[in-house]
1. Scan I644, I624 and give me the residue that is assigned to a helix (DSSP H, G or I), out of contact with any strand residue (DSSP E or B) (no Cβ under 8 Å at 6 or more places or on another chain), of a type in the set (V, I, T) and over 23 Å from S572 (Cβ atoms).
2. Please count how many residues of segment 928-937 are in contact with a helix residue (DSSP H, G or I) (Cβ under 7 Å, 6 or more places away or on another chain) and assigned to a loop (DSSP other than H, G, I, E, B).
3. Looking at segment 431-444, is at least one residue more than 18 Å from S305 (Cβ to Cβ), in contact with a Gly (Cβ under 6 Å, 6 or more places away or on another chain), surrounded by 19 or more Cβ atoms within 10 Å (Cβ to Cβ) and of a type in the set (S, T, N, Q)?
4. Can you tell me which residue in segment 735-780 is surrounded by the fewest Cβ atoms within 10 Å (Cβ to Cβ), limited to those that are of a type in the set (D, E) and in contact with a Leu (Cβ under 9 Å, 6 or more places away or on another chain)?
5. Read through the list (1) open to solvent by 10 Å² or more (accessible area, probe 1.4 Å); (2) closer than 29 Å to L230 by Cα; (3) not in a loop (DSSP other than H, G, I, E, B), then give the number of the only condition that R256 fails.
6. Could you check, for segment 298-311, whether at least one of its residues is open to solvent by 30 Å² or more (accessible area, probe 1.4 Å), under 19 Å from D358 (Cβ atoms) and touching a helix residue (DSSP H, G or I) at 6+ places or on another chain (Cβ under 9 Å)?
7. Starting from segment 286-313, take each residue that is of a type in the set (V, I, T) and list its partners that are part of a helix (DSSP H, G or I) and open to solvent by 70 Å² or more (accessible area, probe 1.4 Å), counting only C-beta distances under 9 angstrom and pairs at least six apart or across chains.
8. Return yes when V328 is open to solvent by 30 Å² or more (accessible area, probe 1.4 Å) and in contact with a helix residue (DSSP H, G or I) (Cβ under 8 Å, 6 or more places away or on another chain) and no when it is not.
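The values are calculated or read from the model by the stated rules, or taken from the named source; none is laboratory data. Just so we're clear, the structure is a prediction, and the values are computed from it rather than from any experiment. All Cβ positions, even for glycine, are placed from backbone atoms using ideal geometry, and neighbour counts span all protein chains on display. For the accessible areas, the whole protein counts, side chains as well, though only heavy atoms, and no ligand, DNA or RNA atoms are used. Shrake-Rupley method; radii C 1.70, N 1.55, O 1.52, S 1.80 Å.
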Amino acid sequence: MTRKWILQRTPNKCLCYKFDSCFPLAQNGNRRQSRLSYFLCSLALRRRPPRHPGGGTALPRNEASPASSPPLAVAPPVQLTYGTNSLRRFLYGELGTKTRDDISSALVSWLSKPETERERRGKKKGDNFQDIRPRSAQRIHKVRSAASMRPAHPTHTRLRKVSKHVFFYRLPKQHFNSFPTQQQIPLQPRLSQAMYSDLLISATQSQSLLHGKEVHSHITKQCFVPCLFLQNTILNMYCKCKEMVLAQRLFDTLPRRDSVSWNSLISGYFQVGLCCKSLDVFCKARGTGAKLDRFTYASALNVCSRTEDLKTGKVIHAMILVNGSRHVFLTNSLIDMYSKCGKIGEARLVFASSTQVDDVSWNSLISAYVRIGWDEETLRTFAQIHRLGIQMNPFALGSVLKSCSNISNAVELGKMIHGCITKVGLDSNVFLGSALIDLYSKNGLLDEALEVFKSLSDPNVVVFNSMIAGFSRSEMDRDKVEVEAVRLFSEMLRRGIRPSKFTLSGMVKACSLIADFEVGRQIHGQILKNSLQYDEFIGSALIEMYTDSGSIEDGFKCFNSVPKQDIVTWTSMISGCVRTEQFERALRLFHDLLSNGIKPDHFTLSCLMSVCANLAVARSGEQIQCYAVKAGFSWFAVMNNSQIFMYARSGNIDAAKTTFQEMENRDVVSWSAMISSHAQHGCATDALMLFKEMEDCPIVPNHVTFLGVLSACSHGGLVEEGLRYYESMKIDYNLDPNARHCSCIVDLLGRAGRLVDAEKFILDSGFHDDHALWMALLGSCRIHKHIAMATSAAKRIMELDPHSSSPYVILYNMYLDSGRKFFAMKTRNLMKERGVKKEPGLSWIEIGASVHSFVAGDNSHPESPAIYEKLEEMLSKIKKIVPNNQCEAFVNHHSEKLAVAFGMMHLPALAPICVMKNLRVCMDCHTSMKMFSMSEKREIVLRDPFRFHHFRDGCCSCGDYW
């Protein structure tokens with residue numbers, strides 16, 4: 001941006017100066033003064049049009065003089081001397097350290113003051129003075145004739161300042177010739193190398209490419225021959241301003257180049273991201289035989305670090321050894337290069353073989369350990385540094401705190417390092433403060449994190465982000481999380497700190513955690529106000545929040561509003577469809593992802609494995625597993641865990657066992673998934689044996705693990721073992737049981753016939769308002785035909801969950817089985833009055849690449865006649881086996897029977913028939929499946945929402961205990 005002096009006509013035809021101020025002022029007053037001084041210097045370098053000997057101003061050649069004026073002659077300019085030191089004294093002495101308004105006023109008064117009598121007497125006829133205005137302002141407009149000009153006097157001059165423009169109204173034209181004569185400016189001033197260098201350095205520091213170009217232009221116009229130092233300064237200015245085209249052009253015209261020239265060009269290409277071009281310049285420097293210094297090699301090593309080009313980095317390392325450069329500066333660059341290329345061994349070797357290391361070397365080594373996750377080695381190095389008395393910078397201490405978060409005794413070590421930080425006086429550093437907050441909040445010490453937050457006098461947005469993220473991860477009371485997170489966010493806005501995308505995404509995650517979606521929508525409004533709705537990071541958080549609330553359509557709106565949909569955004573949307581049980585839609589999204597050319601990661605494939613598990617489509621799950629193997633994701637624990645879950649939910653427990661045994665990095669999720677799989681398939685003994693093996697490993701069981709153990713005891717009828725594990729969970733592992741654990745105990749006691757104990761346990765558990773416990777008791781009452789307690793439990797369920805049809809259906813069937821048709825019809829009418837609808841029974845089976853679904857009495861399938869014919873054939877075989885008084889139980893055409901008949905028609909003789917059902921299997925169909933397995937000599941696997949039933953040779957894996 002520039003400043004212009006323009007001589008123009010005003011509406012009342014009076015001459016005026018217009019001072020156009022387009023120069024950006026810096027925050028620093030000294031820099032502002034230096035820039036204005038530079039501006040005046042640039043004005044002083046411009047020519048002024050010659051004056052007429054009679055006192056008038058010469059007109060341009062293309063303009064005619066007024067009719068009343070005689071022809072004017074143009075006198076040749078007179079060369080006057082004006083030294084550089086005098087110019088500097090004038091710039092700094094005339095203006096001083098005044099404010100911007102004072103400087104403008106001083107400039108106005110200087111330009112408008114009339115000549116003194118001494119100056120008039122000292123002038124000779126024909127003398128000319130140099131104009132300080134730019135050439136664009138040296139246009140002189142026609143003025144009115146002398147007769148029509150109003151007599152002017154210096155006292156009639158009126159000055160007026162409007163906005164950033166300074167106007168001179170009614171200024172006599174002779175005043176334009178009254179510039180100072182004591183400081184006369186030459187036609188071609190000779191500035192020194194130092195002054196040019198100062199101006200270029202100022203332009204470089206302020207990143208002002210325009211001002212740098214002006215200085216370079218003046219050097220060229222004045223035919224000034226710069227030295228190599230000044231040429232390198234110009235080159236560095238272009239490189240720092242990221243104008244690499246002009247930098248390369250200037251570099252090519254340099255008659256002589258030294259190491260500074262090459263270093264500037266290499267560093268410039270590196271700063272703009274052209275790493276390959278930077279290495280090409282380095283190779284050219286080597287080819288020309290230029291003498292390279294340590295800064296040249298360090299710049300080349302930085303390029304190798306960014307591109308992770310280990311081969312080129314080793315070549316440069318060899319050049320350093322050949323040239324004998326042993327400077328510690330290069331040692332630090334080598335350590336950084338090897339660590340970023342993943343070669344920590346070579347980085348340690350460079351550090352160990354170096355004869356001189358400084359604090360930067362130690363800090364670089366610590367950063368290398370943190371980058372690859374060597375937490376214990378990081379702490380050992382930190383202890384060694386502390387013993388040697390080497391000072392560490394805040395960034396290295398922050399890296400050490402990050403390592404503490406990933407080890408077992410993180411809190412104790414973190415507090416020790418916190419003490420060291422306080423001793424060296426860095427406890428008020430915001431970078432270390434955010435690291436300490438992150439450390440304490442990750443380990444559940446929110447009170448300590450709040451104390452660190454309050455101790456910071458001027459927290460920035462990063463500190464607020466760490467504190468809000470700590471509350472988002474907290475397991476404290478939801479109301480407290482909401483109050484504290486919203487309070488922090490409000491305080492941040494009151495302080496005038498603009499929230500970043502990490503702040504808003506943390507708030508969205510906090511709202512999703514506490515299920516307060518009304519506050520989440522308000523945060524969404526803040527996101528729209530700050531124009532951050534197009535960020536993929538925030539878009540993923542919004543998708544997760546809306547899908548957790550069940551609003552899948554709002555989630556899709558957020559997904560479609562993100563212009564750059566990366567793999568994280570796609571994974572969030574697929575995961576949202578899984579959470580809302582829209583599994584087919586999740587598969588369609590995966591196909592769209594592949595069609596857009598986006599490669600899924602292991603988290604995406606894990607979500608798709610869950611889809612296949614819930615749909616029980618093993619063939620699709622096997623295809624996803626093959627894709628994971630080809631993509632190199634098969635060794636990830638999250639993929640193996642999803643694979644176990646998929647095979648187990650699809651009825652193939654043997655494949656789940658094989659996957660578990662082949663895993664090398666088993667975690668608590670792997671053990672929990674395998675124990676739960678055995679429990680669902682009725683293998684209670686195998687599940688408990690796995691739990692004992694887990695106890696021998698250094699892996700601590702969690703709530704999900706004990707849920708699988710209690711489910712196995714419940715399905716296997718192991719009452720004493722189940723009660724013992726329930727107590728061990730509370731005493732030995734300090735885990736608080738939730739409603740699902742208590743539901744397993746109720747089911748365990750109720751199936752064993754201890755209905756009174758089960759009801760007493762519900763009332764004493766603290767979860768007596770949870771309908772899942774009463775449903776477990778109602779199921780047990782159905783098995784043992786205890787109608788009185790079933791009626792009480794059903795009424796309690798109707799109060800807690802009025803829209804559930806299960807209590808009505810179970811009570812209706814119990815009344816019918818006991819011969820109480822009146823109460824059965826009364827229950828049915830009550831269900832109709834309350835508008836409760838029974839969920840229709842649905843069964844499906846996968847044949848090849850297709851999934852076929854059936855409902856009771858279904859005739860919509862294209863092969864319905866053949867299916868019913870096959871079913872009648874199977875039922876006729878059963879009737880020959882069972883007594884005649886039991887044949888009436890096999891007459892119904894429930895959905896699972898139709899699916900089994902269809903599987904018998906299309907699957908090979910040795911292939912098991914796997915059928916999935918959305919409701920609990922009834923007693924009649926359970927008996928029919930046992931008979932089918934015996935008469936057809938086929939294995940039948942039936943999955944309902946609670947467990948798997950494996951029918952072989954007339955027997956079921958549940959032992960008729962489900």
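1. After ruling out the rest, the residue left standing is I644.
2. 1
3. Yes, some residue in segment 431-444 is more than 18 Å from S305 (Cβ to Cβ), in contact with a Gly (Cβ under 6 Å, 6 or more places away or on another chain), surrounded by 19 or more Cβ atoms within 10 Å (Cβ to Cβ) and of a type in the set (S, T, N, Q).
4. Within segment 735-780, the match that is surrounded by the fewest Cβ atoms within 10 Å (Cβ to Cβ) is D769.
5. All conditions are met except number (3).
6. As a first pass, look at segment 298-311 and keep what is open to solvent by 30 Å² or more (accessible area, probe 1.4 Å): 302, 306-311.
This time we only want the ones that are under 19 Å from D358 (Cβ atoms), so: 302.
With touching a helix residue (DSSP H, G or I) at 6+ places or on another chain (Cβ under 9 Å) added as a condition, the list becomes 302.
Scanning segment 298-311, I find at least one residue that is open to solvent by 30 Å² or more (accessible area, probe 1.4 Å), under 19 Å from D358 (Cβ atoms) and touching a helix residue (DSSP H, G or I) at 6+ places or on another chain (Cβ under 9 Å), so the answer is yes.
7. V303/C276; T307/C276
8. Spelling it out, it is not the case that V328 is open to solvent by 30 Å² or more (accessible area, probe 1.4 Å) and in contact with a helix residue (DSSP H, G or I) (Cβ under 8 Å, 6 or more places away or on another chain).
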